[in-house]
């Protein structure tokens, strides 16, 4: 079956499946694997230490795949420190740039006159409308089930996606709680033209920077084993629950300030867990953990999802024929 949507046409990919930005994890090995399997892989720019490192990672990715890939900029936490990194993406003529958090307008200005496709992650209808006004080619809409940073309103993917679809004319990509072919097809039923997955791609062989213990924790966790931290300081984000996140929540209940939380919610605390398995850290994860039962290769995962989605498409087609006959 063909999987042609405005997203596949826009990005030049076989399947409308996008890998999330995944701070400290989304590098050349994973990005190339997703792109080679027919989706859109991404490099996380702002987890790298310098523009030169980003340039090297882009070139590594190009050595591993001749398919389109993206570079993600998590702009919310970095002020204007992202501008030299964006310039590298422009100089290297990457096919796609995605933006999460913060105001994307300065990046849009930098990308004027290029052919780079612009995607913005949003968590509310108004944010999607603003992204369209700025010139976004598509928006990725994350519901509160998602892992990592979320919107301030606890609106789930099932409600948020059709709201956004009804409010913009550009293609919408659904994110949050999606980890198999069923979620993919549900997103299409809601009006989305593609999906983004983050947590599910961590539990793959090619996510080589995540230690096996982190991946196994995602396999072992249920949908009830995540918590939202940082809500007290206006930046809610979903992580695997452990003693460290319990400590964060306790601090939030007693001293809800950034200063009190800073050392506990830092990138160092994140990498302590995802790289080293330290109990003095945390790992991002969405409620899709309840649907993760193995650690396949990216190719195996996408092949399985395509088979699941095609079976659903056939079932829908058969159901339509029965309705017509009746």
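The values are calculated or read from the model by the stated rules, or taken from the named source; none is laboratory data. Keep in mind the model is a prediction, meaning the values are calculated, not measured. Ideal geometry is used to build each Cβ from the backbone, glycine not excepted, and the neighbour counts take in all protein chains shown.
Screening residue 69 on (1) modelled with pLDDT of 95 or more; (2) touching a strand residue (DSSP E or B) at 6+ places or on another chain (Cβ under 7 Å); (3) within 19 Å of residue 271 (Cβ to Cβ) shows it passes everything except condition (3). Checked against (1) surrounded by fewer than 22 Cβ atoms within 10 Å (Cβ to Cβ); (2) out of contact with any strand residue (DSSP E or B) (no Cβ under 8 Å at 6 or more places or on another chain), residue 108 meets all criteria but (2).
Helices (runs of 4 or more DSSP H) fully within region 197-255 that include at least 3 residues being assigned by TED's automatic domain parsing to the domain that holds residue 278: 212-220, 243-254.
In this entry, residue 151 passes the filter for residues that are in a loop (DSSP other than H, G, I, E, B), surrounded by fewer than 22 Cβ atoms within 10 Å (Cβ to Cβ) and under 18 Å from the mean Cα position of the chain (by Cα).
Candidates are the residues of region 219-259 that are under 24 Å from residue 204 (Cβ atoms) and free of Cβ contacts under 8 Å to residues at least 40 places away in the same chain; the one that is surrounded by the fewest Cβ atoms within 10 Å (Cβ to Cβ) is 220.
Select from region 199-235 the residues that are touching a strand residue (DSSP E or B) at 6+ places or on another chain (Cβ under 7 Å) and modelled with pLDDT under 95 and list them in ascending order. Please lay out each step first, then the result.
Of all residues in region 199-235, those touching a strand residue (DSSP E or B) at 6+ places or on another chain (Cβ under 7 Å) come to 201, 217, 221, 225-230, 235.
Residue satisfying the conditions is 235 alone.
Is it true that some residue in region 168-180 is assigned to a helix (DSSP H, G or I), in contact with a helix residue (DSSP H, G or I) (Cβ under 6 Å, 6 or more places away or on another chain) and farther than 15 Å from residue 40 by Cα?
Scanning region 168-180 turns up no residue that is assigned to a helix (DSSP H, G or I), in contact with a helix residue (DSSP H, G or I) (Cβ under 6 Å, 6 or more places away or on another chain) and farther than 15 Å from residue 40 by Cα.
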